[in-house]
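The values are calculated or read from the model by the stated rules, or taken from the named source; none is laboratory data. Please read all numbers here as calculations on a predicted model, not as lab measurements. Here the Cβ is made from the backbone with ideal geometry for all residues, glycine too, and neighbour counts use every protein chain on show. Note: areas computed on protein heavy atoms with side chains; ligands, DNA, RNA excluded. Shrake-Rupley method; radii C 1.70, N 1.55, O 1.52, S 1.80 Å.
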Amino acid sequence: MAQTLEFRGIMPNLAVSHLIALQGQDGGWGPYPGDPSRTEATALAALALQRAGEPAAGRAFDWLRAAQLDSGAWPIAPVLAEPGWVTSLAVFALSFDEPAGRSATNGARWLLAEEGSGATWWVNLLFRLFPQRKAVELDTDLTGWPWATGTFSWVEPTSYAMIALKRLRGHVRDARLEERLDEGDRLLVDRACVGGGWNYGNPRVLGEELWPYPDTTAAALLALADRGELPPVAAGLGVVPAMLEENESILALSLCGLAFGTHGVDRTGVIERLEGRIEEWSSGEVRALAWAALALDERSDVLGLSNG
Amino acid sequence: MSGVTYWGSPMADRRDFLKLMAGGAAAATMGCADPDPWTPAAVRKTDRSAVAVLPAPDYDEARLVEVVRDGIGMFDLDVRGRRVVLKPNLVEFDPRGVINTHPALVAATVEAFRLEGATEVVVAEGPGHRRDNEYLLEASGLGAQLRDTGARFVDLNHDAVRRVELKTSFTGLGHLYLPETVLDAGLFVSMPKLKTHHWAGVTLSMKNLFGIVPSAIYGWPKNVLHWAGLEGSILDINAALDVPRFNIVDGILGMEGNGPIQGEAREVGILLFGEDPVAVDATGARLMSIDPLAVGYLSKADAFLGNADDALLEQRGDSLESHRTNFRVLSMFEEMKTEPSAEPE
């Protein structure tokens, strides 16, 4: 399914140049230019530079390895020292550098043990007795991944965990791997918005439909790259053009471009718009810039997810 | 963890839960007085609190600068040489809705505090639903207003943080990491929209502080707070924030019905000002024809954090009654109303 996009002579990765210019002395990146380094921005920038063949990726991967906790997880920022959802992105990035290495595989094992929580016993009891109180229509028995340990599973952290673990299939021998990925697939199907696409993870509240977002839709589509037969995948891909009619943020264009490329959908128009936006990029979020660098790569499946 | 709100109204659930347990575990604790869930350091309740309601018929920015300056002038605020941090409500965007604090009011407030002598006025928010700030800022119009005013925007979801020990134990979280931009503010101004809220009843200056809790740590949509309990989180955060505070509520167009996202616009035509967030929110509730002491977190806040009792409020500017509007609420909140909604949802 992978396609090669014919770029029109524009330097395909101005975003990579920006990332290199913004790299900190310690090898990492903060959320915004000049901020102290944190895991999410550094993992995504490391991934983007690695895929671009830039040597600066090496220092970024060194930063990631140094920031890893003994548990195998990564903190949001080194000063916090508590395991965080960003572990997925660090593992995903390292899966391109050294997929069988201890850092990536220990991170993957932490991810396999990390589970979102369901409803508490008394809430479940309440819903049996007072079903009218159930304000959202979710299958709370499905376990994905939470933003914060011990809380509920949501679309974005679940999607990131799945792309990391799907990338490491073959490198992590753990009986839970396929079971958790399968349940993650089912959770994303459960959380899809009624008209297609995903938001943060609530399709309906109090009976009223909520709308999808481009970035979370794209994240879920990347996580379901190997599950194209599932109806929410086609529905999600179908609503992206309409969402991008009213949203041309760098983050939205980049992630949707990557999702299109991964699913073999023509991404030319999205990438052309993104090129224009990157040319005027000044001081936005580093993570958006990193996703843009990946989206502007000429390989449509630059994230290596199409074959699971 | 004391509650889960994503599956229903926390207050309603708790009421049901207490009914369910009546005569059981609840009875077993009768006679054992629980200690107050706050430390003496959390108590900020004063003898009286002032609030001001000023008319503001529309979002004309030049006129709003004057109204905001009038409102500020009714309080003993001296912002000369201080950095003022404005925290509007920018939780989500819907082109058909009135979810957020209007950008023209934010811009007018930037200008008003500059004219009052602030060294810098910063606009800061940690959006609760979306992670795409570029989109939120541009679609809402706030980005253009910030460029026009030259005010800096700080993304509180990703700001540098410091650990803050909680002075209250409503959630049992013990501590929160809060943004340095807020903790170091010379004056922190909560700028909510006047809205109903489908879990809490109302959302005003106190609930608006969910946006200062960094989602990079606590998740979207502020997941840890909802998991720990909505009301308790509102109380814990407000008690923890130990900086000079002021509140300006956008009540020009409010939201009734299924707020804070999917309700309908309701014209009230006022701005509401005050230093005591409990007093401001109690007045905001009354403006919506909602009894503030029937709102769980306001009732609890009235015990230690500020004044919700109207006998303890000094009304400045227009009378509350001259602008009181009968907001529609979800049927589960109808019992909070001081008069029945014309058309309950």
(request) Kindly indicate whether any position in region B:133-146 is closer than 19 Å to residue B:190 by Cβ, away from every other protein chain (no Cβ under 11 Å) and either open to solvent by 30 Å² or more (accessible area, probe 1.4 Å) or not aliphatic (A, V, I, L, M) (or both). (result) yes
(message) Go through region B:227-245 and report how many residues are surrounded by fewer than 24 Cβ atoms within 10 Å (Cβ to Cβ) and at the interface with another protein chain (Cβ under 8 Å from one of its Cβ atoms).
(response) 0
(request) Quickly run through region B:313-322 and pick out the residues that are crowded, with 17+ Cβ neighbours inside 10 Å and under 20 Å from the mean Cα position of the chain (by Cα). (result) B:313, B:320
(request) Within region A:201-224, work out how many residues are at pLDDT 95 or above and not hydrophobic (A, V, I, L, M, F, W, C). (result) 6
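To keep it simple, each residue is scored yes or no on (1) open to solvent by less than 20 Å² (accessible area, probe 1.4 Å); (2) of a type in the set (Val, Ile, Thr); (3) farther than 14 Å from residue A:215 by Cβ; (4) touching a residue at least 40 places away in the same chain (Cβ under 8 Å).
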residue: A:241; (1), (2), (3), (4): no, no, yes, no
residue: A:274; (1), (2), (3), (4): yes, no, no, no
residue: A:281; (1), (2), (3), (4): no, no, yes, yes
residue: A:290; (1), (2), (3), (4): yes, no, no, yes
(request) Scan region B:197-226 residue by residue and report those that are surrounded by fewer than 24 Cβ atoms within 10 Å (Cβ to Cβ), without any contact (Cβ under 8 Å) to a residue 60 or more places away in the chain and assigned to a loop (DSSP other than H, G, I, E, B). (result) none
(request) Being more than 9 Å from every other protein chain (Cβ to nearest Cβ) and open to solvent by less than 10 Å² (accessible area, probe 1.4 Å) is the filter; apply it to region A:204-219 and report the residue that is nearest to the chain's Cα centre (by Cα). (result) A:219
(message) I'd like to verify a number: residues in region B:99-132 that are in a loop (DSSP other than H, G, I, E, B) and either within 21 Å of residue B:70 (Cβ to Cβ) or open to solvent by 30 Å² or more (accessible area, probe 1.4 Å) (or both), how many?
(response) 7
(request) Please state which of the following conditions residue B:224 fails to meet, knowing it meets all the rest: (1) at pLDDT below 95; (2) touching a Phe, Trp or Tyr at 6+ places or on another chain (Cβ under 6 Å); (3) farther than 26 Å from residue B:180 by Cβ. (result) (3)
(message) Restricting to region A:53-68, count the residues that are open to solvent by less than 40 Å² (accessible area, probe 1.4 Å) and over 17 Å from residue A:99 (Cα atoms).
(response) 2
(message) Yes or no: region A:212-235 includes at least one residue that is aliphatic (A, V, I, L, M) and within 23 Å of residue B:260 (Cα to Cα).
(response) no
(message) Show me the helices (runs of 4 or more DSSP H) entirely contained within region A:190-308 in which 3 or more residues are aliphatic (A, V, I, L, M) and under 21 Å from residue A:91 (Cα atoms).
(response) A:214-223, A:250-262, A:286-295
